[in-house]
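Report on the structure given below.
The values are calculated or read from the model by the stated rules, or taken from the named source; none is laboratory data. Since this is a predicted model, take the numbers as computed values, not measurements. FYI the Cβ positions are ideal-geometry reconstructions off the backbone, even for glycines, and counts take in every protein chain you see.
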Amino acid sequence: DAKTTQPPSMDCAEGRAANLPCNHSTISGNEYVYWYRQIHSQGPQYIIHGLKNNETNEMASLIITEDRKSSTLILPHATLRDTAVYYCIVRVLIQGAQKLVFGQGTRLTINP
Amino acid sequence: GAVVSQHPSRVICKSGTSVKIECRSLDFQATTMFWYRQFPKQSLMLMATSNEGSKATYEQGVEKDKFLINHASLTLSTLTVTSAHPEDSSFYICSASDRSSGNTIYFGEGSWLTVV
């Protein structure tokens, strides 16, 4: 299984861009990188995913390095509501079931 | 994104009883659903993968006779915690794979189980 490494915690000022790094050096060629976040006592929320190219949606941007061994999730203008645990996950495909295996994630705190 | 709903959001049950948690995909068909549990200040732990019309696949260390999973339709999976004990108290979260959006997985709101 490809695994990910994330810093346990980060701080960011409100209104600034939050850049969350993730290392996935053992990722396979057909595995996607997914990002979810979990606000306290809620189910995880899907943010974005990508394979090779950079991706952007209304929530965030995902920058994947050319060798695909790392990626960065960018929240362009962080707000207090973005305080959450952010999970970077590589999609595991075992026996046809594409499950998500969670690591410890990064606890992002947005400060006023 | 797609919507996954869980019910109940909170439940309290007595030791030795069984409790059922439902997971529904509201606006898409989910051939595969997943059940997780999460203890305070810890990450999500995958319990089992539920496939419509077939037996669930359990992760190592998860007792299949204690955590019964049924995926009877393309929009509903249930988790039954049998003979509940206080140590089963946890946050249970389901998720479902939406084939129409490239198999993106969406999560329910979670269910808090307290066994007294």
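Condition check ((1) farther than 28 Å from residue B:6 by Cβ; (2) of a type in the set (Phe, Trp, Tyr); (3) touching a strand residue (DSSP E or B) at 6+ places or on another chain (Cβ under 8 Å); (4) within 13 Å of another protein chain (Cβ to nearest Cβ)) across all residues:
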residue: A:10; (1), (2), (3), (4): yes, no, yes, no
residue: A:16; (1), (2), (3), (4): yes, no, no, no
residue: A:35; (1), (2), (3), (4): no, yes, yes, yes
residue: A:41; (1), (2), (3), (4): no, no, yes, yes
residue: A:58; (1), (2), (3), (4): no, no, no, yes
residue: A:62; (1), (2), (3), (4): no, no, yes, no
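Here are the criteria: (1) within 12 Å of chain A (Cβ to nearest Cβ); (2) at negative phi; (3) without any contact (Cβ under 8 Å) to a residue 12 or more places away in the chain. Tell me which single one residue B:97 does not satisfy. Unmet condition: (3).
Per this entry, residue B:43 is not counted among residues that are in contact with a strand residue (DSSP E or B) (Cβ under 8 Å, 6 or more places away or on another chain) and part of a strand (DSSP E or B). State yes or no: is residue B:84 away from chain A (no Cβ under 12 Å) and in a loop (DSSP other than H, G, I, E, B)? The answer is yes for residue B:84. Of the strands (runs of 3 or more DSSP E) lying entirely inside the stretch A:37-111, those carrying at least 3 residues that are touching an Asp or Glu at 6+ places or on another chain (Cβ under 9 Å) and in contact (Cβ under 8 Å) with a residue 60 or more places away in the chain are A:106-111. What do you reckon, is residue B:88 at pLDDT below 95 and either over 25 Å from residue A:103 (Cα atoms) or of a type in the set (Asp, Glu) (or both)? So residue B:88 fails the test. Number of residues in the stretch B:3-53 that are hydrophobic (A, V, I, L, M, F, W, C), within 28 Å of residue A:58 (Cα to Cα), more than 9 Å from chain A (Cβ to nearest Cβ) and over 11 Å from the mean Cα position of the chain (by Cα) equals 4.
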